[in-house]
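*Asks:* One structure follows; several queries about it will come next.
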Number of protein chains: 2
Amino acid sequence: MAYVAPLRDIRFVLNELAGLDKVHQLPGGEEAGQEVVDAILDENARLLQEAIAPLNRDGDLQPPTWRDGAVTASPGFAQAFRSFVEGGWQGLQHPVDFGGQGLPKVVATPCMENLNAACLSFALCPLLTDGAIEVLLTAGTEEQKRRFIPSMIDGSWTGTMNLTEPQAGSDLSLVRTRAVAQPDGSYRLHGQKIFITYGEHDMARNIVHMVLARLADAPEGVKGLSLFVVPKFLVNDDGSLGKRNDVWCASIEHKLGIKASPTAVLLYGEDKGEVGPGAIGYLVGEPNRGLETMFIMMNAARFAVGLQGIAVAERASQHAVAYARDRVQSRAVEGSAGPVAIVHHPDVRRMLLTMRTLTEAARAVAYVAAGAHDFAHRHPDAQMRARNQAFYEYMVPIVKGFSTEMAVEVASLGIQVHGGMGFIEETGAAQYYRDARILSIYEGTTAIQANDLVGRKTARDGGAVAAAIIGHMRETLAELDGDQELSALRAQLADAIQAYEEVVRFVVERYRDDVREVYAGSVPYLMLAGLTHGGWQMARAALACRRRIAKGDVDAFYPAKLAGARFYCAHLLPRVEALRREILQGGASTLAMPVDAF
Amino acid sequence: MAYVAPLRDIRFVLNELAGLDKVHQLPGGEEAGQEVVDAILDENARLLQEAIAPLNRDGDLQPPTWRDGAVTASPGFAQAFRSFVEGGWQGLQHPVDFGGQGLPKVVATPCMENLNAACLSFALCPLLTDGAIEVLLTAGTEEQKRRFIPSMIDGSWTGTMNLTEPQAGSDLSLVRTRAVAQPDGSYRLHGQKIFITYGEHDMARNIVHMVLARLADAPEGVKGLSLFVVPKFLVNDDGSLGKRNDVWCASIEHKLGIKASPTAVLLYGEDKGEVGPGAIGYLVGEPNRGLETMFIMMNAARFAVGLQGIAVAERASQHAVAYARDRVQSRAVEGSAGPVAIVHHPDVRRMLLTMRTLTEAARAVAYVAAGAHDFAHRHPDAQMRARNQAFYEYMVPIVKGFSTEMAVEVASLGIQVHGGMGFIEETGAAQYYRDARILSIYEGTTAIQANDLVGRKTARDGGAVAAAIIGHMRETLAELDGDQELSALRAQLADAIQAYEEVVRFVVERYRDDVREVYAGSVPYLMLAGLTHGGWQMARAALACRRRIAKGDVDAFYPAKLAGARFYCAHLLPRVEALRREILQGGASTLAMPVDAF
């Protein structure tokens, strides 16, 4: 089914909630004026809708193929990638110095959402390349940056992240890949990496692998991991490609979803290249501090995966709405002359509105976080930068965890709206359900996000950042005071905020006494936070709509957005209370079962 | 992965909760003594574990194939079906007069659960055959019964249900298939049926289609539907097979899951057989009352699909537990010498216990309903029969809706426990996620179940049956009084029961004033009821365990079951409050959005 970028809602969120106008006024934000951003969004949508969205189903049916270490991408992907990079989209948020556009994150964010909605499998290639670029920008030498970044920005090359090994998934302390120092200052890598997205393909001339490995004398654990850049083809000083390096794709996985993205097993040091045994790599940043560098990149990648959740939820929603308007079945429950389109049936409406408002809430939460990222990086005032950085870092695990868990639910509802047709692959709804399922797993499972939220983001500062956020939420409550039309919404949000506050207090207070009990409620805490943040943004949206309507704006968007905000607060926010109870009462029973009794 | 039938929990539920001993004392229940039932369960488990469970993955990888109207089943299926029917399993609950075993439903129920856990796709063939047998038992003439039933019970033939057409899914009033009366008393059928499970295959010599169609002079709507039996091959008076009838399989579907079960498009009256144009069929029951007859069968089929949910949830849970015990990753959050098996991590435990206790709760709810079915059919006292029949009928949409929605959640959690490996098809966890997704759709979507629960089962009798059930739930609360160890569980259950009562009152009271508002909360009502019934049965289980332990029984099963009951009430029952709020507050916002704004 055709995809239409939800530009009306995106513009609303950028302008009314995420502070695009304020970002525009920051140093370096000059290019992000309303008109320019509008033009970018239009052009972006045009490309994605026309050239990339049609690949989504085709790629699912014709996944990449592996032969003798080489991977052929799904039909049409290489050409679409050329259109994408030639339009300059890979460099959207990267520095002008290396050929990028240097745009704020809040502008790149909707473009990334739309790219993922058009085709999740396709979007992973730019997403991982972004990650490799960020790592090099953060920790690479000037020479490394010059050598690798411009060709990734112009799309001649792509990038990957090589973390996982068969025994080292969530637990990177178990990484075994070895790096041996060479007399010329380079390293030779030996080991096996798995689950490497776009680890091998034929869409670009070279692939730049960012690889976690262990130096000979490195300590055990995560503090013995170093980061290396390992190009598939060595790069000569003049930028031309040299010998084939000793990194070899042994196979690609047969997956539940995102089938068009090749997921590679990569072998380093099997003497399969032209350089002798051992893949040649170059240390990025300091020895044994590879994971710290990766974490910087991972924050960006986790945020991006959160956007993937919003994207697939948006697309699943559009698909379901189209079907529900079209499919005529059964009379209305209140009586009707004949059968009606199923969008009239109350439960179908409930499902569609659940899908839509979860998507919109998650979008608003993510975009507001992106705005904070820009403030954190560009604001002239150090305190403002620090405050926004803290907010952004707190939000990353929520954006990642909540948006992706929500996406699985939305995609599943999308099937349900279609009834039996949803289970037939030709319909297309099933693909979103399959594709979405990876999102709460890769770049850190929801539990890993929740650990981050509990430990580094909440307990470590005694809940200070969370408390500050809750303070801002209460300001929104105050704005809602006295608005009769929003009084139910206000009460529902107030309940959620209070539960949120109580849970944060519980996390902070119990963390020292019984850390296991706190972690038993970690994912429910993350979901509770995500739902409440969603409610906060929906309430802010409702207030903005009320202001527009009061000013006489007759755009039908505003009453619909208001109706959606009301639905979210009446239907989704009540889950907060269930989660609160689960967190506060549930720890002991989670921990009581003896391992042998499982 | 190998499947092990959960006989310990099954026996506990049968004996302690579902009243197997009382069913044994009923007329016709003589065969269902403890020892016989134990032997049946053991023998059933042996066959399923050895001969059928291994087919599950193979069938997924090698679905049936279609060629020129003929369908070849997945490799091994025909042979396994022979073992199944030769063991007498198809006739387990069918009358002895026609070759069955005549066992109570409460005994057939665990066998059916285990069959579905072994292989959902395989189990659909006996499941649909059961449906065809029931229809004929209910409404067929003696001659029809004699002609068709024994061969279905002995597995020479199988049965199907032909309801759906492209324009008539949930809405059977739109069925168009025509039946034209013939001078000899038979009929000729013309039309197209879709989504016909096992509508064509090579596992048996004949297929008995039960087909909804419209007589020439029939009124419009569901009151103009008649039911016909249409064999693939005509049956001679001596029982031998005659000419190929004019029903032809035009294609089979490419589905998200249950891939090994052929889902056929059947064309009637295309002159593709040996009888000229028009499939020859025989009226079953009275003209224009076909849907009433189908409804009797559908109750059984809906119950059976609920069991499918429990079955796939059980299998997904076993798979996830095995992985979580085996996979070593990360240190314990409270500190440990090295990485530990992930079953030690609090969030993994939370997921595993959510999976397990949802499964166990749904099992107990279903088995108790099956016990009530036996009382309704076999008890000498008419009042007892009526009361149990009302209970069973109230429970059917809950067993179907709750068990299948829960199964999708459990299967999804099963993937999550596996992390990245869960997304790789070879692991097997993904198949349960795909397979489970049909269960909340076929035999009536969850919304259709919820409509039944709201309309026929709650509003129609002014909530009398629901009120009686709530009264029984309060008796369990009274039993929990004063038990300090179960005081938290008691409080959690009491909250849920109160919410349940409030929602039932809301449904009954609002039904006349604003039926749309009630239906807007229909699925949440069904889920609330399911969760609360699950909590009730878990509380009854906890009491039974306490009694056993008090008597000095040291079986480790009892403390584990107790721990599970506590977990369920602390983690799952809180959802009842969220649903209560959604139902009571949410109707208006579900209905407010204009259709054009979707």
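No lab work stands behind these numbers, since they all come straight from the coordinates. Just so we're clear, the structure is a prediction, and the values are computed from it rather than from any experiment. Because the Cβ atoms are built from the backbone with ideal geometry, glycine has one as well, and the counts that use them run over all protein chains shown.
*Asks:* Measuring from a point 7 Å out along Cα→Cβ, what nm distances, shortest first, does residue A:595 have to its partners in the other copies?
*Replies:* Computed spacing set for this position: 5.9 nm.
*Asks:* Right, something else. Consider just the alpha-carbon atoms of the range A:526-585 and return their Rg together with their Dmax, both in angstrom.
*Replies:* Reported Rg and Dmax, both Å: 14.1, 49.
*Asks:* Non-local amide H neighbours of residue B:271 (under 5 Å, H modeled in plane, Pro and chain starts lacking H): which ones?
*Replies:* For residue B:271, whose amide H was placed from the backbone, the distant partners under 5 Å are B:278.
*Asks:* Follow-up question, since we're still on this one. How would you order B:158-168, A:177-187, A:219-229 from highest to lowest mean count of nearby Cβ atoms within 10 Å?
*Replies:* Sorting B:158-168, A:177-187, A:219-229 by mean packing, highest first, produces B:158-168, A:219-229, A:177-187.
*Asks:* Based on the Kirkwood radius over alpha-carbon pairs, what is the Stokes-Einstein translational diffusion coefficient of the range A:154-270 at 37 °C with 0.692 mPa s viscosity, in µm²/s?
*Replies:* 221
*Asks:* Consider the operator that turns chain B into chain A: which B residue has a Cβ nearest its axis, and what is that gap in Å?
*Replies:* B:578, 2
*Asks:* Inside 10 Å of the C-beta atoms of A:507-519, what's the mean count of C-beta atoms belonging to other chains?
*Replies:* 2
*Asks:* For the protein assembly as shown, what number results from the quotient of the Cα radius of gyration and 2.2 N^0.38 Å? Mind dumping the intermediate values first?
*Replies:* Working: Rg = 30.5 Å, N = 1196, 2.2 N^0.38 = 32.5 Å.
The value comes to 0.94.
*Asks:* Once chain A is represented by equal point scatterers at the alpha-carbon sites, with solvent omitted, what log10 I(q)/I(0) does the Debye formula produce at q = 0.06, 0.10 Å⁻¹?
*Replies:* Each listed q maps to, in turn, -0.31, -0.88.
*Asks:* I've got another one for you. Give the lysines whose C-alpha is closer than 27 Å to that of residue B:255, dropping any in the same chain fewer than 8 places away, or say none.
*Replies:* Partners within reach: A:255, A:259, B:193, B:232, B:272, B:400.
*Asks:* Could you name the aspartates and glutamates whose alpha carbon sits less than 18 Å from that of residue A:22, not counting residues in the same chain fewer than 8 places away?
*Replies:* Excluding near neighbours in sequence, the set is A:30, A:31, A:35, A:38, A:374, A:381.
*Asks:* Report, in whole Å, the centroid distance computed from the Cα atoms of the range A:57-99 and the range A:396-454.
*Replies:* 23
*Asks:* Using the Karplus curve 6.51 cos²θ - 1.76 cosθ + 1.60 with θ = phi - 60°, what ³J(HN,Hα) values do you get for each residue of the range A:430-440, in whole Hz, with x for Gly and Pro?
*Replies:* Whole-Hz 3J(HN,Hα) from phi for the range A:430-440: 5, 4, 5, 5, 6, 4, 4, 5, 6, 5, 7.
*Asks:* If you don't mind, another one. For the range A:359-454, compute Rg over Rh where Rg is the Cα radius of gyration and Rh is the Kirkwood radius from the inverse mean 1/r over Cα pairs.
*Replies:* We get a ratio of 1.14 for the range A:359-454.
*Asks:* How far, in nm, would the chain grow between residue A:244 and residue A:202 when pulled straight, counting 0.36 nm per residue and subtracting the alpha carbon separation?
*Replies:* On the way: separation 42, 0.36 × 42 = 15.12 nm, distance 1.42 nm.
The span from residue A:244 to residue A:202 would gain 13.7 nm if fully extended.
*Asks:* I'd like the Kirkwood hydrodynamic radius of the range A:206-316, using the inverse of the mean 1/r over distinct C-alpha pairs, in Å.
*Replies:* 16.2 Å is the Kirkwood radius here.
*Asks:* Percent of Cα-Cα pairs more than 18 Å apart in the range B:220-285, please.
*Replies:* Within the range B:220-285, distances greater than 18 Å cover 53 percent of Cα pairs.
*Asks:* Shielding by partners for A:567-580, please: the mean number of other protein chain Cβ atoms within 10 Å of each residue's Cβ. Could the numbers behind the result be given before it?
*Replies:* Details: counts 7, 1, 3, 9, 12, 3, 4, 12, 7, 2, 6, 10, 4, 2.
The shielding value for this peptide is 6.
*Asks:* Next up: Ranking request for peptides B:309-321, A:318-330: highest mean number of other beta-carbon atoms within 10 Å first, then the rest in descending order.
*Replies:* Order by mean packing, descending: B:309-321, A:318-330.
*Asks:* For the range B:519-561 and the range A:242-267, write down the distance between their C-alpha centroids in whole Å.
*Replies:* So the two Cα centres are separated by 48 Å.
*Asks:* With axes computed from alpha carbons, what is the tilt in degrees of helix B:34-47 against the longest principal axis of chain B, rounded to the nearest 10 within 0 to 90?
*Replies:* Taking the Cα atoms of chain B, the angle to B:34-47 is about 70 degrees.
*Asks:* I've got another one for you. Counting pairs of alpha carbon atoms under 8 Å apart in space and at least six apart in sequence, what relative contact order in percent does chain A give?
*Replies:* Averaging sequence separation for qualifying contacts and normalising by length gives 13 percent for chain A.
*Asks:* Could you give each residue of the range A:485-501 its phi-based ³J(HN,Hα) in whole Hz, using Karplus coefficients 6.51, -1.76, 1.60 with θ = phi - 60°, and x for Gly or Pro?
*Replies:* 5, 10, 5, 5, 4, 4, 5, 5, 5, 4, 4, 5, 4, 5, 5, 4, 4
*Asks:* Calculate the translational D of the range A:161-208 in whole µm² s⁻¹ from Stokes-Einstein, where the hydrodynamic radius comes from the Kirkwood formula applied to all Cα pairs, the temperature is 4 °C and the viscosity 1.567 mPa s.
*Replies:* It comes out at roughly 104 µm²/s.
*Asks:* Next up: When the distances between all Cα atoms of the range A:448-493 are binned every 5 Å from zero, what whole-number percent does each bin get?
*Replies:* 5, 21, 18, 14, 13, 12, 11, 6, 1
*Asks:* Give the lysines whose C-alpha is closer than 17 Å to that of residue B:561, dropping any in the same chain fewer than 8 places away, or say none.
*Replies:* Partners within reach: B:551.
*Asks:* So the label point sits 7 Å from Cα along the Cα-to-Cβ vector; using that for residue B:556, what distances do you get to the other copies, in nanometres, sorted shortest first?
*Replies:* 6.4
*Asks:* With each run of n ≥ 4 DSSP H residues scored as -39500 (n - 2.57), what mean residue ellipticity at 222 nm is computed for the protein assembly as shown after dividing by its residue count and rounding to the nearest 500 deg cm²/dmol? Intermediate values should be presented prior to the final figure.
*Replies:* Numbers: 38 runs with 649 residues, N = 1196.
Rounded to the nearest 500, the figure is -18000 deg cm²/dmol.
*Asks:* Which whole number in µm²/s is D for the range A:372-417 by Stokes-Einstein, with the Kirkwood Rh taken over Cα pairs at 20 °C and 1.002 mPa s? Before the final figure, lay out the partial values.
*Replies:* On the way: Rh = 12.2 Å.
Value of D from the Cα-based Kirkwood radius: 176 µm²/s.
*Asks:* If you line up the Cα atoms of the range B:446-591 on their principal axes, what length do they span on each, largest first, in Å?
*Replies:* Sorted from largest, the Cα extents of the range B:446-591 read 55, 26, 25 Å.
*Asks:* At what distance in nm do the modelled label points of residue B:597 and residue A:237 sit from each other, each positioned 7 Å from its Cα along Cα→Cβ?
*Replies:* 6.7
*Asks:* With θ taken as phi - 60° and the coefficients 6.51, -1.76 and 1.60, list the Karplus ³J(HN,Hα) couplings across the range B:304-311 in order, rounded to whole Hz; mark glycine and proline as x.
*Replies:* Here the 3J(HN,Hα) series is 5, 5, x, 4, 4, x, 4, 5 Hz.
*Asks:* Then there's this: What number, in percent, do you get for the relative contact order of the range B:446-591 if the mean sequence gap of Cα pairs under 8 Å and at least 6 apart is divided by its residue count? Don't skip to the answer; put the middle values down first.
*Replies:* Values: 150 pairs, mean separation 48.0, N = 146.
With pairs under 8 Å counted, the relative contact order is 33 percent.
*Asks:* If the label for residue B:479 sits 7 angstrom from Cα along the Cα-to-Cβ line, what are its distances to the same label in every other copy, in nm to one decimal, shortest first?
*Replies:* Reported distances to equivalent positions: 5.4 nm.
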